[in-house]
Amino acid sequence: MRCSVVTDLSTGDTIIIDGGAEADRLIAWIDGFSGRGPDWSNGPTDQSQLALHGITERKVIALVNTHAHFDHSGEIPLLLNRYNVSWYLHEADFYLQSLVQNSARRYGFELPQPAVADKKLHDEMELVLGSLTFTVLHTPGHTLGGCCLLLELDDGPDQLFAGDTLFAGSVGRTDLPNSGGDFSVLSNSIITKLWPLDADTVVYPGHGPTTTIGVERSTNPFVGSSSPASGKYR
Ligand SMILES: [Zn+2]
Ligand SMILES: [Zn+2]
């Protein structure tokens, strides 16, 4: 499962997206660069590199989730405990979130009492978190409340945190219990909300390698331009 940590290097403002697993490891890495960080990172790798940007720490100011499957949201209580910030989730996933302990038990994991989001994501909202601004795209289909978060950059391609909506060469499962998954809804979400984005937009899926909108739009076997789903929803 991919958790993304986004830091504005001019302010230190930091957002954790889908910080629902390995919370202890995540906290150790965010607070002190200790232990193993993300498996893939294009940011500073130690405190001295942060200092080069004139900041001393990654200041966590909000938690945001693309959806409420337990591997993405189960350990949010540990992060809330540490950072005491708001947690954002689409309301249509609140029910799913209430079930994370049961869902995890089916896979043999014990989780704390589920966190309750205190802030709601809405389609097309401008989510201003400190010095970072995201555009929320509600992309149901993998879950009812699934969202993608778009971060537009002045000095590089846009960045899309896609949760389990879109993967490199695949799409999210639509058969998971209590999730409201539906392939026609999912493909409609991707084709109408994600394909209009810039081709060079970097996609960070909830699992597996990163990709770009352009590559998936032309080659994705489920929703790309030569797939059966393509063309149905335009
Ligand atoms: Zn999921
Ligand atoms: Zn997932």
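Throughout, read-outs are computed from the coordinates displayed, never taken from laboratory work. Quantities reported herein were computed from a predicted structural model and do not represent experimental measurements. So basically every Cβ, Gly included, is an ideal-geometry build from the backbone, and we count neighbours across all protein chains shown.
A compact table of results
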read-out: Amide proton proximity set for T133, modelled H, under 5 Å, gap of 5+; value: none
read-out: Calculated FRET efficiency for the pair T11/R36, C-beta based, R₀ 22 Å, to 0.05; value: 0.30
read-out: Net lengthening on full extension, Q101/S227 (0.36 nm per residue, minus Cα-Cα); value: 41.7 nm
read-out: Computed lengthening from Q113 to S48, 0.36 nm per intervening residue step minus Cα-Cα distance; value: 19.7 nm
read-out: Measure of compaction for segment 1-112 (Cα Rg per 2.2 N^0.38 Å); value: 1.10
read-out: Qualifying chymotrypsin sites (Phe, Trp or Tyr not before Pro) in segment 22-86, DSSP loop, other Cβ atoms within 10 Å at most 15; value: W40
read-out: Size of the chain as Cα extents on the principal axes (Å, biggest first); value: 50, 42, 29
read-out: Length added when fully stretched, A168-D200, from 0.36 nm per residue minus Cα-Cα; value: 10.1 nm
read-out: For peptides 158-164, 187-193, 50-56, sequence by mean Cβ density within 10 Å, most packed first; value: 158-164, 187-193, 50-56
read-out: At R0 = 45 Å, FRET efficiency that the Cβ-Cβ distance of D154 and T219 yields, to 0.05; value: 0.95
read-out: Cα convex hull of segment 97-152 - mean projected area over all directions, nm²; value: 5.2
read-out: In nm, spacing of pseudo-spin labels at H122 and N84 (7 Å Cα→C-beta vector); value: 3.0
read-out: For segment 4-219: relative contact order, % (alpha-carbon pairs under 8 angstrom, 6 or more apart); value: 15
read-out: C-alpha center-to-center spacing [segment 13-44, segment 155-208] in angstrom; value: 23
read-out: DSSP-defined antiparallel bridges as percent of all bridges, segment 4-219, nearest 5; value: 55
read-out: For the chain: lysine pairs under 22 Å (alpha-carbon distance), excluding those fewer than 8 apart on one chain; value: 4
